[in-house]
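These notes concern the structure reproduced below.
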Amino acid sequence: MIEEIEKISNSSIMRDNLDFKYYVSGTWEKSSSGKTITIKNPYNDEIVGTVQACSIEEANRVITVAKENLECWNELTQRERADILRKAATLMKEWANPLGYIMMKEIGKPLKSAISEINRTAELFEATAEAGLQQEGETIYGDTFKGFSKDKISMTYRVPLGVILCIGPFNYPFNLTGSKIAPALMAGNTVVVKPPSQGAISPLFFGLILEKAGLPPGVLNIITGKGSEIGDYLVQHPLVNMVSFTGSSETGKHIASVAGMKPLLLELGGKDAAIVLDAANLELTADIIVSGAFSYSGQRCTAVKRVLPMPGIADQLIELVKTKTLNLSIGNPEENATIGPLISSKQCDYVQGLVDDALEKGSTLVCGNKRQNNLMWPTLLDNVTTEMRIAWEEPFGPVLPFIRVKSAEEAIEISNKSEYGLQGMIFTENIDLAFNIAQELEVGTVQINGKSERGPDHFPFLGTKSSGLGTQGIKYSIEAMSRPKVIVLNLSEKGKLTKLCKYD
Ligand code: G3P
């Protein structure tokens, strides 16, 4: 598949066999450290490739190059920048199948979902180009405040922040890197990408794609390496003007603690709760819960991570969810099994620990609790109580706890007690009640009769508490990656027209 991309792109410069290089100043290079990181397929342990374990000196170089190219990128017009993004989108669509195949291999995502991630990113690039062209400024007279007149006029337009460090996660290595690159470029910034180690190969292709789309060298640079070795250095580098990160709350909090006064855009963990009321369409609710909880084996920050059913419908709902869960396919991502491997055996151990804790403390196993290498069977736990870890911790795996509640008030209380505040869900046909509950939930977004999810990508996406900082979504990200620049014009008496007021 890599060969297929090289054939379409007419370029084989980014690797030596399976050893992928990093991308700086428009060239593909090997790290002088001589060290690499091996990426293995989480399904069968086969080697997908190696990426460069870059050094601090190389981290300094990519940032310096990004800074040096800021001015040249800013000399281009908005329309020229938008055209580059659109061309990149066209290439992504052309290369979606082979790129999706590589991603499937490196992170174990079902092939169809991996391909659709590439196409979603293409659409995001197109929409970001459009949104960038719609940017507007603002002009205000000073006469709102006493002592000021229309002789004082502020003119506000937006300018780029500078160099944006984009750190993506393993679960959407292409899309959640692209959703940072596109608004950063459209706002006039230059970019340094640091992909996650597992999932580092797919985002390297942004180098090839954007170069082919006409991006000048040095505007986008991609450095691979161990977060523990170069992560803090990148975040703290004085030439980095903003950090956009998606990943765990733990790492997000660490970034915030070392970043100083740099603006941050953080998309972190979640513990999204589905409150199911008596008046819910249970068949539909069960379908949505199963898909929300188990797509990509629950490895999504927006996965359904708790269900809080009312007493009148709990038994029936759990039975429906069980039937649908037992129908899920489990196995090879290449064959599009819904449940595939978790990203690592360490992650499987963590998930198993949460299940064991709940069972030891008296929860009821409805189905699942089986493991084979990195494959974990979708597991439903009933009668989960707030004393169990699974009520509060984020598994990032295929485990769904049911915490039976007695009232909507209790559901709101349990939802809000979480350290996370990404999204919430309410299932009912009583929309008035749903709306009232929605207003009580301390989350970024409440979905009524739908699963928690980020898209469509022009919607605002944000988390409260440990779930994040700042708002993403196409126009929101462009805004977050730029700042207002204000010029105030102070008109003097000189040059004033002498005319009578029309009411005199
Ligand atoms: O975990 C990443 C998060 O952004 C999920 O995105 O599109 O699956 O809701 P999505």
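The values are calculated or read from the model by the stated rules, or taken from the named source; none is laboratory data. From a predicted model like this one, the values you see are computed outputs, not experimental measurements. A quick note on method: Cβ atoms are made from the backbone with ideal geometry, for glycine too, and the neighbour counts reach across all protein chains shown.
Which residue is surrounded by the fewest Cβ atoms within 10 Å (Cβ to Cβ), if the candidates are limited to region 35-66 and must be in a helix (DSSP H, G or I) and small (G, A, S)?
Residue satisfying both the conditions and the ranking: A59.
Test of understanding: among E429, E442, E453, which residue is at pLDDT 95 or above, surrounded by fewer than 23 Cβ atoms within 10 Å (Cβ to Cβ) and either part of a strand (DSSP E or B) or within 16 Å of the ligand (Cβ to nearest atom) (or both)?
None of the others qualify; the one that does is E453.
When the residues of region 1-26 are filtered to those that are surrounded by 16 or more Cβ atoms within 10 Å (Cβ to Cβ) and polar (S, T, N, Q), which remaining residue is farthest from I223 (Cα to Cα)?
Once the filter is applied, the top-ranked residue is S9.
Yes or no, residue by residue, for (1) touching a Leu at 6+ places or on another chain (Cβ under 8 Å); (2) closer than 21 Å to I288 by Cα; (3) assigned by TED's automatic domain parsing to the domain that holds N97; (4) not in a helix (DSSP H, G or I):
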site: D315; (1), (2), (3), (4): no, yes, no, no
site: K324; (1), (2), (3), (4): no, yes, no, no
site: L328; (1), (2), (3), (4): no, yes, no, yes
site: E334; (1), (2), (3), (4): yes, no, no, no
site: I343; (1), (2), (3), (4): no, no, no, yes
site: D349; (1), (2), (3), (4): no, no, no, no
site: G353; (1), (2), (3), (4): no, no, no, no
site: D356; (1), (2), (3), (4): no, no, no, no
site: L359; (1), (2), (3), (4): yes, no, no, no
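Determine, yes or no, whether Y157 is in contact with a Ser or Thr (Cβ under 9 Å, 6 or more places away or on another chain), of a type in the set (F, W, Y) and assigned by TED's automatic domain parsing to the domain that holds S244.
no
Scan region 221-248 residue by residue and report those that are surrounded by fewer than 21 Cβ atoms within 10 Å (Cβ to Cβ) and within 17 Å of the chain's Cα centre (by Cα).
Across region 221-248, the qualifying residue is only S248.
Being among the polar types (S, T, N, Q) and within 11 Å of the ligand (Cβ to nearest atom) is the filter here; which residues of region 292-323 pass it?
S295, Q299, T302
I need the full set of residues from region 154-181 which are more than 16 Å from the ligand (Cβ to nearest atom) and either within 16 Å of the chain's Cα centre (by Cα) or among the small types (G, A, S) (or both), in order please.
Of everything in region 154-181, those that are more than 16 Å from the ligand (Cβ to nearest atom) and either within 16 Å of the chain's Cα centre (by Cα) or among the small types (G, A, S) (or both) turn out to be S154, G162, I164, L165.
Taking S197 and the conditions (1) touching a strand residue (DSSP E or B) at 6+ places or on another chain (Cβ under 6 Å); (2) surrounded by fewer than 24 Cβ atoms within 10 Å (Cβ to Cβ); (3) closer than 26 Å to R483 by Cβ; (4) hydroxyl-bearing (S, T, Y), which numbered condition does it fall short on, given that it satisfies the others?
Unmet condition: (3).
Could you check region 193-223 and list, in sequence order, the residues that are in a loop (DSSP other than H, G, I, E, B) and not β-branched (V, I, T)?
Correct list: P195, P196, S197, Q198, G199, A200, A213, G214, L215, P216, P217, G218.
Name the residue, out of D151, D143, that is more than 16 Å from the ligand (Cβ to nearest atom), in contact (Cβ under 8 Å) with a residue 60 or more places away in the chain and farther than 22 Å from V51 by Cβ.
D151
Which of the residues that make up region 1-34 are part of a helix (DSSP H, G or I) and either of a type in the set (D, E) or at positive phi (or both)?
Across region 1-34, the qualifying residues are E3, E4, E6.
Any residue in region 182-193 that is within 16 Å of the ligand (Cβ to nearest atom) and either within 14 Å of the chain's Cα centre (by Cα) or under 25 Å from S248 (Cα atoms) (or both)?
Yes, that holds for at least one residue.
Scan region 255-276 and tell me whether some residue there is closer than 22 Å to T38 by Cα and either within 16 Å of the ligand (Cβ to nearest atom) or modelled with pLDDT under 95 (or both).
No, every residue in region 255-276 fails to be closer than 22 Å to T38 by Cα and either within 16 Å of the ligand (Cβ to nearest atom) or modelled with pLDDT under 95 (or both).
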